[in-house]
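These notes are about the structure you will find just below.
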Amino acid sequence: MLKGFKDFLLRGNVVDLAVAVVVGAAFTAIVTAFTSNIVNPLISSIGASSDLGWGFFIRAGNDATFVNLGAVITAVINFVIIAAVVYFVLILPVNTAKKRFATKKEKSLSDQDILIQIRDLLAEGRADGVTTTKDGVTGPSAGGTTPGSTPTS
């Protein structure tokens, strides 16, 4: 049981996923710092008359009832930046590589297509000493043999 768990942990996909989570967390910290220190002050400067940021009080004079719209807008901007980077740095290149290097899948053949291929293969067999008559009976051509018979001399 422990061997299976060890194999699971050491599988390449799990290690890659762990690395992606760590890098994603570090990148999220960078974007959060950007939005907190650059975007928040810009949003607050637009219409904030309070030290709390851009928003409004539900009950005047009670800081606990302050609805901070600037923080919500900053979170949306934070999400859009992270989603754009993930899409343009990870998803788009992987999809492009898949399209470029993926093998073409064969479409599934219908019964009619299979029968056409069989007919064509049988028609090619004429050159190998097998003839097909109009009624579809196959047999040996001149000098050939039928299965179970002996060649004539």
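The values are calculated or read from the model by the stated rules, or taken from the named source; none is laboratory data. Keep in mind it's a predicted model, so treat the numbers as computed, not measured. Using ideal geometry, Cβ is built from the backbone for each residue, glycine included, and neighbour counts are taken over all protein chains shown. Ligands, DNA and RNA are excluded from the accessible area calculation, which covers all protein heavy atoms including side chains. Shrake-Rupley method; radii C 1.70, N 1.55, O 1.52, S 1.80 Å.
The table that follows gives values for the structure above.
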item	result
Heavy-atom accessible area ranking, 1.4 Å probe, most first, across T32, T103	T103, T32
N95-A33 FRET efficiency (beta carbon distance; Förster radius 25 Å; 0.05 resolution)	0.25
Ranking by accessible area, most exposed first, for L92, L121 with a 1.4 Å probe	L121, L92
